[in-house]
Amino acid sequence: MSKNKGISDSELPGDDGPALHMDTEIVTSGRRIDQYNGFVNPPVYQGSTVLYPTVEALKARDLPYTYGRRGTPTTEALETALTRLERGAGTVLVPSGLAAIATALQTVLKAGDHLLVTDSCYQPTRNFCDGWLARFGVETEYYDPCIGAGIADLFRPNTKGLFLESPGSQTFEMQDVPAMAAAARTAGVATILDNTWATALYFRPIEHGIDISVQAGTKYVGGHSDIMLGADTANEDWWPRLRKTWELSGSCAGPDVVYLAQRGLRTLSVRLERHMRSGIEVARWLEGRPEVARVLHPALESHPGHRLWKRDYSGASGLFSVAMKQGSDKALSAFLDQLQLFGLGFSWGGYESLAVPFDPRPYRTATDWREEGPGIRFHIGLEDTRDLIADLEAGLARWREAGGGT
Ligand SMILES: *Cc1c(COP(=O)(O)O)cnc(C)c1O
């Protein structure tokens with residue numbers, strides 16, 4: 001919808017003109033100060049009904065906004081900004097990242113279709129495919145995330161969708177996005193990529209051949225662990241169908257959340273830069289520890305996908321995992337339970353550090369997790385890394401005392 005509105009005289013540069021540098025666009029895109037009486041940020045429009053002046057206008061739906069569910073100046077501000085940053089044709093906002101995944105899949109699939117999904121996807125993506133799409137006659141097949149251009153061998157005549165997530169949830173496999181997107185395009189298969197880890201700041205899926213880019217705004221865009229929001233941005237080909245699916249489903253995001261997300265967006269660049277720097281520092285420190293078998297962070301040279309990350313991504317966020325040496329549940333709890341600065345909890349992307357143990361073996365079907373010890377995913381927040389490392393060092397001492405391996 002962002003593209004369909006007229007551009008006002010005082011619109012800031014960046015929405016339709018030549019590309020500016022990303023840090024500038026993060027600050028300027030989507031803002032229309034003439035409409036806000038000069039205030040810097042868009043107002044929060046709380047609205048369902050839009051009043052029309054005449055029956056004729058009502059019949060023609062002849063107003064810039066027609067009904068709260070279909071968009072307000074508040075939602076338009078964020079949609080326009082994300083469309084610009086993703087280099088897409090349009091964006092829809094939905095109530096969660098998972099809803100964005102569902103909306104993207106519903107856009108490209110119908111009964112009788114075959115869908116390929118990376119085995120490394122966010123687990124609720126898998127639940128949606130197996131628990132919901134299956135009921136409507138879509139068959140999902142999971143593939144090895146590192147398959148690259150070999151994905152073409154899995155295409156069937158009825159393959160209509162290819163879902164990627166790079167790096168993978170919890171295990172951080174890097175995917176060869178351009179090669180896979182090119183193979184899919186040749187075969188007429190639509191591609192969707194969950195870009196929550198990198199955000200449009202560090203990776204732009206549409207520029208790498210992807211049709212629909214998915215973002216859980218809950219994470220880094222929001223940035224403060226206080227909202228649930230999802231966004232889908234499509235290229236020119238898929239935008240009309242994405243917009244239509246979104247309209248049919250009634251899955252609209254609330255105004256306060258959208259406001260907070262556009263507010264978070266303005267500082268995304270400075271936050272992510274710090275998450276990246278601190279994340280790499282803590283990851284490197286962990287890599288040197290005898291209790292840790294392997295660090296799964298694409299920005300480390302030791303990562304099998306490091307070459308792809310360097311080729312395609314302009315940065316890394318603060319989320320990565322480690323595989324520990326062999327250790328019991330008791331050792332794992334001794335390590336994590338008494339951490340002072342790392343909260344134990346799901347989600348991530350806020351300003352604070354988090355740790356969560358994981359085990360992909362019960363649900364992965366196309367690949368094996370062959371690490372000897374437990375997996376732990378860390379989110380490195382904006383705290384001072386000296387304090388974070390001291391906290392982890394004390395935790396690793398507890399791990400050893402509880403019999404954890406070195
Ligand atoms: C958290 C997450 C989601 C889902 O976002 P919600 O807003 O929590 O529904 C989707 N994809 C990835 C990679 C995530 O980490």
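The values are calculated or read from the model by the stated rules, or taken from the named source; none is laboratory data. Worth saying up front: this structure is predicted, and the values here are computed from it rather than measured. With ideal geometry, Cβ positions are generated from the backbone for all residues, glycine too; neighbour counts draw on all protein chains shown. Surface accessibility is based on the protein's heavy atoms, side chains included, excluding ligands, DNA and RNA. Shrake-Rupley method; radii C 1.70, N 1.55, O 1.52, S 1.80 Å.
Going by the conditions given, is Glu207 in contact (Cβ under 8 Å) with a residue 24 or more places away in the chain, open to solvent by 10 Å² or more (accessible area, probe 1.4 Å) and either within 30 Å of Leu260 (Cβ to Cβ) or part of a loop (DSSP other than H, G, I, E, B) (or both)? Working first, answer last.
Working: in contact (Cβ under 8 Å) with a residue 24 or more places away in the chain: yes; open to solvent by 10 Å² or more (accessible area, probe 1.4 Å): yes; either within 30 Å of Leu260 (Cβ to Cβ) or part of a loop (DSSP other than H, G, I, E, B) (or both): yes.
Spelling it out, Glu207 is indeed in contact (Cβ under 8 Å) with a residue 24 or more places away in the chain, open to solvent by 10 Å² or more (accessible area, probe 1.4 Å) and either within 30 Å of Leu260 (Cβ to Cβ) or part of a loop (DSSP other than H, G, I, E, B) (or both).
What number of residues within the stretch 227-240 satisfy the criterion of being within 13 Å of the ligand (Cβ to nearest atom) and without any contact (Cβ under 8 Å) to a residue 40 or more places away in the chain?
Taking the stretch 227-240 and keeping what is within 13 Å of the ligand (Cβ to nearest atom), we get 227-232.
Going one step further and asking which of them are without any contact (Cβ under 8 Å) to a residue 40 or more places away in the chain, we end up with 227.
Residues flagged as within 13 Å of the ligand (Cβ to nearest atom) and without any contact (Cβ under 8 Å) to a residue 40 or more places away in the chain within the stretch 227-240 amount to 1.
Just one of the numbered conditions (1) part of a loop (DSSP other than H, G, I, E, B); (2) without any contact (Cβ under 8 Å) to a residue 24 or more places away in the chain; (3) open to solvent by less than 60 Å² (accessible area, probe 1.4 Å) is not true of Leu51; which one?
(3)
Across the stretch 358-406, what is the number of residues that are on the phi > 0 side of the Ramachandran plot and hydrophobic (A, V, I, L, M, F, W, C)?
First, pick out the residues of the stretch 358-406 that are on the phi > 0 side of the Ramachandran plot: 403.
From the residues that got through so far, the ones that are hydrophobic (A, V, I, L, M, F, W, C) too are none.
Total satisfying the criteria: 0.
What are the residue pairs meeting all of these: first residue in the stretch 329-357, first residue without any contact (Cβ under 8 Å) to a residue 40 or more places away in the chain, second residue away from the ligand (no atom under 12 Å from the Cβ) and part of a helix (DSSP H, G or I), Cβ atoms under 7 Å, and 6 or more apart or on different chains?
Qualifying pairs under 7 Å: Leu344/Leu336; Ser353/Leu388; Ala355/Leu336; Pro357/Leu332; Pro357/Leu336.
Regarding Leu296, is this residue under 21 Å from Thr199 (Cβ atoms) and out of contact with any Lys or Arg (no Cβ under 8 Å at 6 or more places or on another chain)?
Numbers: under 21 Å from Thr199 (Cβ atoms): yes; out of contact with any Lys or Arg (no Cβ under 8 Å at 6 or more places or on another chain): yes.
It is true that Leu296 is under 21 Å from Thr199 (Cβ atoms) and out of contact with any Lys or Arg (no Cβ under 8 Å at 6 or more places or on another chain).
If Ala355 satisfies every condition in (1) touching a helix residue (DSSP H, G or I) at 6+ places or on another chain (Cβ under 6 Å); (2) on the phi > 0 side of the Ramachandran plot; (3) of a type outside the set (Val, Ile, Thr) but one, which is the exception?
Every listed condition holds for Ala355 apart from (2).
Taking the conditions exactly as written (buried (at least 18 other Cβ atoms within 10 Å of the Cβ), among the β-branched types (Val, Ile, Thr), in a strand (DSSP E or B) and within 14 Å of the ligand (Cβ to nearest atom)), does Val221 satisfy them or not?
no
Out of Arg307, Arg294, which single residue is of a type outside the set (S, T, N, Q), touching a residue at least 24 places away in the same chain (Cβ under 8 Å), closer than 25 Å to Asp176 by Cβ and open to solvent by 20 Å² or more (accessible area, probe 1.4 Å)?
On the way: Arg307 fails: touching a residue at least 24 places away in the same chain (Cβ under 8 Å).
Answer to the selection: Arg294.
Would you confirm whether any residue within the stretch 334-352 is part of a helix (DSSP H, G or I), out of contact with any Gly (no Cβ under 8 Å at 6 or more places or on another chain), open to solvent by less than 20 Å² (accessible area, probe 1.4 Å) and farther than 26 Å from Gln175 by Cα?
Step one: of the stretch 334-352, the residues part of a helix (DSSP H, G or I) are 334-337.
Now restrict to residues that are out of contact with any Gly (no Cβ under 8 Å at 6 or more places or on another chain): 337.
Checking which are open to solvent by less than 20 Å² (accessible area, probe 1.4 Å) leaves us with none.
For the stretch 334-352, residues part of a helix (DSSP H, G or I), out of contact with any Gly (no Cβ under 8 Å at 6 or more places or on another chain), open to solvent by less than 20 Å² (accessible area, probe 1.4 Å) and farther than 26 Å from Gln175 by Cα: absent.
Can you confirm whether Leu242 is closer than 18 Å to Leu164 by Cβ, among the hydrophobic types (A, V, I, L, M, F, W, C), open to solvent by less than 10 Å² (accessible area, probe 1.4 Å) and at pLDDT 95 or above?
Yes; evaluated as a whole, the condition is true for this residue.
Output the residues belonging to the stretch 254-311 that are of a type in the set (D, E, K, R) and over 30 Å from Ile147 (Cβ atoms). Even if it seems obvious, please write down each step before you answer.
Within the stretch 254-311, the first condition is being of a type in the set (D, E, K, R), and the residues that meet it are 256, 263, 266, 271, 273-274, 277, 281, 284, 287, 289, 291, 294, 301, 307, 310-311.
Within the stretch 254-311, Asp256, Arg263, Arg266, Arg271, Glu273, Arg274, Arg277, Glu281, Arg289, Glu291 meet the criteria.
Go through the stretch 87-136 residue by residue and tally those that are touching a Lys or Arg at 6+ places or on another chain (Cβ under 6 Å) and either open to solvent by 40 Å² or more (accessible area, probe 1.4 Å) or within 16 Å of the ligand (Cβ to nearest atom) (or both).
2
Would you call Asp62 at pLDDT below 95 and assigned to a loop (DSSP other than H, G, I, E, B)?
On the way: at pLDDT below 95: yes; assigned to a loop (DSSP other than H, G, I, E, B): yes.
Yes; evaluated as a whole, the condition is true for this residue.
Between residues in the stretch 175-194 that are closer than 11 Å to Gly150 by Cα and open to solvent by 10 Å² or more (accessible area, probe 1.4 Å) and residues that are away from the ligand (no atom under 16 Å from the Cβ) and of a type outside the set (Gly, Ala, Ser), which pairs lie under 7 Å by C-beta distance while being six or more apart or on different chains?
Asp176/Leu308; Ala183/Ile151
Since Ser321 meets every condition but one in (1) of a type outside the set (A, V, I, L, M); (2) part of a strand (DSSP E or B); (3) more than 16 Å from the ligand (Cβ to nearest atom), which condition does it not meet?
(3)
From the set of residues in the stretch 187-218 that are touching a Lys or Arg at 6+ places or on another chain (Cβ under 7 Å) and either of a type in the set (Val, Ile, Thr) or within 13 Å of the ligand (Cβ to nearest atom) (or both), which is nearest to Gly350 (Cα to Cα)? Write out each step before concluding.
If we filter the stretch 187-218 for residues that are touching a Lys or Arg at 6+ places or on another chain (Cβ under 7 Å), which is where we start, we get 189-190, 196, 204, 206-207, 209.
Subset that is either of a type in the set (Val, Ile, Thr) or within 13 Å of the ligand (Cβ to nearest atom) (or both): 189, 196, 206.
On the way: Val189: 35, Thr196: 13, Ile206: 25 Å.
Only one residue tops the list, namely Thr196.
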